[in-house]
Amino acid sequence: PTVTSPCKILKCNSEFWAATPGSHHLGTEEAPEFCTALRAYAHCTRRTARTCRGDLAYHSAVHGIDDLMVQHNCSKDGPTSQPRLRTLPPGDSQERSDSPEICHYEKSFHKHSAAPNYTHCGLFGDPHLRTFTDTFQTCKVQGAWPLIDNNYLNVQVTNTPVLPGSTATATSKLTIIFKSFQECVDQKVYQAEMDELPAAFADGSKNGGDKHGANSLKITEKVSGQHIEIQAKYIGTTIVVRQVGRYLTFAVRMPEEVVNAVEDRDSQGLYLCLRGCPLNQQIDFQTVRSAQATEGRARRKGPSLPAAPEAFTYETATAKCREKLPVEDLYFQSCVFDLLTTGDVNFMLAAYYAFEDVKMLHSNKDKLHLYERTRELAPGNTAPLGGPPALWVLLLCLSQCWLGLL
């Protein structure tokens, strides 16, 4: 079933931004039109207020509207049509090039030291997680989970079932909160969900707000409705969000210093990009894949899983994934796994774009491909960790013989 939120704040945000493509620092002659767009924005938020009560982006938008109304002396009464304002010329205050040095990570944090060590984390498909330490896991994680939680930003994903009656999940919602930072940026919230990939923050802006270094945080739309990129130069971070088919993918490049900037590391147990998925949420997809290859049909987490809408055999899934992923690494294996469990060819594209993002964001080009699964098995799990049992028996015998000789 289609999983959509009844809260339509993203639609309100998109409409407001479409009506005000320029800066919010306007001349006197443009203020009436801007106020008209603001009133339309406020009217839209009121229409969706009942279904948005617990939505962070909604409350951020409401407060943002009130602030902008005061700043521009807008009356709450008046026309609410949405005129499209002209774009302001280059050099407007939202495109400052004279940001203070503190708002450029490489210049400020590492002025007298070596270049920072960058790390990568990505989440895609059904869902597969690559952590900052290059471990690769396949997880259940249904519902809302924190991907990143440090002193500078929070990222939370919501994963929902792909098929009725199945525990196969994919990311349907993403919330990113950039925390206010010195004279660089105000707090900004970015939120995306299925069929809503905005090219602006929740308050309609495209950068860090009114502070002097606002342009050190910036959203760029690469492909409308499919691919956005967020540059946070003040923390040396790049984030890529895509919608592939119905679901979202996430990828980030972040300095190790920022990754580990947490006040209480003991409380970061659910920070997935840093710690990985909890053991009880991990899936040994290679063992499942072997069963799928043998049985020739999609099976996952038990025999009760309904048949996928499109019947991929192991052979056809492998051939399909090889079209985009010629190297049989874990991205390729994830692709095969997802086609067998969902029957949705868009999951092949999700794996492909996830690897494209790794090529762009990962600082160590020798670590682009991963081949070994990295799941730590809980006690009692019978999935094999190494080679065939006969090899272990041989090694044990040799060790005993050596001890006998000693």
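Observations on the structure shown:
- Using 0.36 nm per residue and subtracting the Cα-Cα separation, the extra length available between His63 and Ser75 on full extension is 2.7 nm.
- For the pair Lys222 and Glu263 in one chain, pulling the backbone fully straight at 0.36 nm per residue adds 11.3 nm over the alpha carbon distance.
- Of interest is the spacing of the C-alpha centroids, which for the stretch 128-195 and the stretch 328-364 amounts to 18 Å.
- Computed log10 I(q)/I(0) for the stretch 102-276 at 0.17, 0.18 Å⁻¹: -1.07, -1.19, from the Debye equation with unit scatterers placed on every C-alpha and solvent omitted.
- Protection-proxy order for peptides 146-152, 37-43, each taking the mean of Cβ atoms within 10 Å per residue, highest first: 37-43, 146-152
- Estimated dipole of the stretch 102-276 in Debye, rounded to 20 [Cβ of Lys and Arg +1, of Asp and Glu -1, Cα centre]: 300 debye
Taken together, the values in this text are just the output of simple stated rules run on the coordinates, not laboratory data. This structure is a prediction, so every number in the text was calculated from the model and none was measured. Ideal geometry is used to build each Cβ from the backbone, glycine not excepted, and the neighbour counts take in all protein chains shown.
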